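Comments concern the structure below.
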Amino acid sequence: QVGAALPVDVLTYEEKTLSAILRVISSGLVKLWSALTLLGFYQNRRCAFRVLQTSPFLLALSGNSRELVL
């Protein structure tokens, strides 16, 4: 879609690791993912995005269940 707007919130950003948590409505996930894939330059600098995890629940992003010690 050309000229389509999609509200996206940057919840956290860590400059040290260049990682962020973005929030978008579930119906906009594919559009956001596609837009990030197509973006190759930002402010005349090359960039690339890697999606590490998606979840419908923010709490699920707070930790890795595979590393949970009981």
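The values are calculated or read from the model by the stated rules, or taken from the named source; none is laboratory data. Values in this document were obtained by computation on a predicted structure and should not be read as measured data. Please note: Cβ atoms are built from the backbone with ideal geometry, for glycine as well, and neighbour counts cover all protein chains shown. These accessible areas exclude ligands, DNA and RNA; they are computed on the full protein's heavy atoms, side chains included. Shrake-Rupley method; radii C 1.70, N 1.55, O 1.52, S 1.80 Å.
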Subject >> Search result, residues across segment 16-39 that are open to solvent by less than 70 Å² (accessible area, probe 1.4 Å), of a type in the set (A, V, I, L, M) and part of a helix (DSSP H, G or I) >> reply: Leu29, Leu32, Ala35, Leu36
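Looking at Tyr13, Tyr42, can you tell me which residue is out of contact with any helix residue (DSSP H, G or I) (no Cβ under 7 Å at 6 or more places or on another chain), open to solvent by 100 Å² or more (accessible area, probe 1.4 Å), among the aromatic types (Phe, Trp, Tyr) and at pLDDT 90 or above?
On the way: Tyr42 fails: at pLDDT 90 or above.
Exactly one residue qualifies, and that residue is Tyr13.
When segment 45-60 is examined, which residues are found to be assigned to a helix (DSSP H, G or I) and either touching a strand residue (DSSP E or B) at 6+ places or on another chain (Cβ under 9 Å) or surrounded by 10 or more Cβ atoms within 10 Å (Cβ to Cβ) (or both)?
Of the residues in segment 45-60, the ones assigned to a helix (DSSP H, G or I) are 58-60.
Of everything in segment 45-60, those that are assigned to a helix (DSSP H, G or I) and either touching a strand residue (DSSP E or B) at 6+ places or on another chain (Cβ under 9 Å) or surrounded by 10 or more Cβ atoms within 10 Å (Cβ to Cβ) (or both) turn out to be Leu58, Ala60.
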**OP:** May I ask you to list pairs of residues, at least six apart or on different chains, whose Cβ atoms are under 7 Å apart, with the first in segment 23-36 being within 13 Å of Phe57 (Cα to Cα) and the second being surrounded by 13 or more Cβ atoms within 10 Å (Cβ to Cβ)?
**Re:** Val24/Leu6; Val24/Val8; Val24/Leu32
